[in-house]
Amino acid sequence: MALPVISSAQQRPGRVQNGFLRERPFLQIPGPNPILTPGPSGSWDSHVIEAGDAFKDFGTYYLYYHATEDVGGGGYQTGVATSTHPLGPFTKFGDQPILPLGPEDSWDGRHAACAMVLKEGTDRYLIRILTRESIGYASSRDGINWTKYSGNLVATREAEPNAAAYAEVHAIVEPPFIYLYHTLRYKQPWRDRFRDQFPTVEDLGMQVLVMARPFRLDMPALTRETLAAGTTTSMRRDESPIIALSHATSASVTVQCTCDRHDNVDPVISH
């Protein structure tokens, strides 16, 4: 069954539309499950096995996953299985993880999991991995053999005072920036509404990686749909996010707004 992604709009010649934007009755067809299972007893992936990322390259389907050994055998490590068809069968690569744990006290000594893979150019692959609740990076020329970045970690939860963990990271690359979107967990509750639920409270957060110097990054500091005359915004945490200036050599504040048309309009004051 073919599922069209891009379709031509017959009503408007010359226009191309995304087929997924049209309302359609999607049909769920369960696959030949399970498509991947834990390894035999004693192997590095013999206990828990969980999905990481997947992509197709040069006719090969790569399925990245993280797994643990038998109970008490250590943290998550990352492996990959490949296939020539999206429904499998998938064959695990070798008998060892492609991204193993580092030494016990190292940045990746606890976990190397939740792979998110990007392709750069024709023969370079980038992978983001989660470890110690922060984000590391590795590169590869074939999607199989990976070299961990010597400057890891690239995004640490310690950079945010109340961040307990980054998880489930995904990325958009727009040079010179890499925008990392992730689940954000906290050390302490900061909203009264969710205090009774803590610590099972999660938001979505993001990190920005900069690949070139110098750079300029416009960061939203305050967003309001409306601001009545004579009122003032607050510095509450839920209205004004924390902005890190540790790598900034200079900063400026820009205010953008649209005012109702009146003869006498007082300015918006920023202080």
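Things to note:
- Tally, over the stretch 168-180, of residues that are over 16 Å from Ile127 (Cβ atoms) and either among the aromatic types (Phe, Trp, Tyr) or buried (at least 18 other Cβ atoms within 10 Å of the Cβ) (or both): 2
- Among all positions in the stretch 175-182, there is at least one residue which is modelled with pLDDT under 90 and over 17 Å from Ala115 (Cβ atoms).
- Of all residues making up the stretch 139-189, the number that are part of a strand (DSSP E or B) and either touching an Asp or Glu at 6+ places or on another chain (Cβ under 9 Å) or not aliphatic (A, V, I, L, M) (or both): 22
- Within the stretch 231-254, considering residues that are at pLDDT below 80 and over 27 Å from the mean Cα position of the chain (by Cα), the one nearest to Trp190 (Cα to Cα): Met235
- Residue within the stretch 4-15 that is small (Gly, Ala, Ser), under 30 Å from Asp123 (Cβ atoms) and either assigned to a strand (DSSP E or B) or at pLDDT 75 or above (or both) present: no
- Matching residues, the stretch 36-79, being buried (at least 17 other Cβ atoms within 10 Å of the Cβ) and of a type in the set (Val, Ile, Thr): Ile49, Thr68, Thr78
- Checking Leu101 against (1) over 27 Å from Gly205 (Cα atoms); (2) without any contact (Cβ under 8 Å) to a residue 40 or more places away in the chain, the condition it does not meet: (1)
- So Gln207, is it at pLDDT 80 or above, part of a loop (DSSP other than H, G, I, E, B) and not small (Gly, Ala, Ser): no
- Within the stretch 113-134, considering residues that are in contact with a Lys or Arg (Cβ under 6 Å, 6 or more places away or on another chain) and part of a strand (DSSP E or B), the one nearest to Arg157 (Cα to Cα): Ser134
- You will find that of Ser106, Ser83, the residue that is surrounded by fewer than 21 Cβ atoms within 10 Å (Cβ to Cβ) and closer than 15 Å to Leu36 by Cα is Ser83 and no other.
- Among (1) modelled with pLDDT under 90; (2) touching a strand residue (DSSP E or B) at 6+ places or on another chain (Cβ under 6 Å); (3) aliphatic (A, V, I, L, M) - the single one Ala67 does not satisfy: (1)
The values are calculated or read from the model by the stated rules, or taken from the named source; none is laboratory data. Quick caveat: nothing in here was measured; it's all calculated off a predicted structure. Quick reminder, even Gly has a Cβ in these numbers, built from the backbone with ideal geometry, and neighbours come from all protein chains shown.
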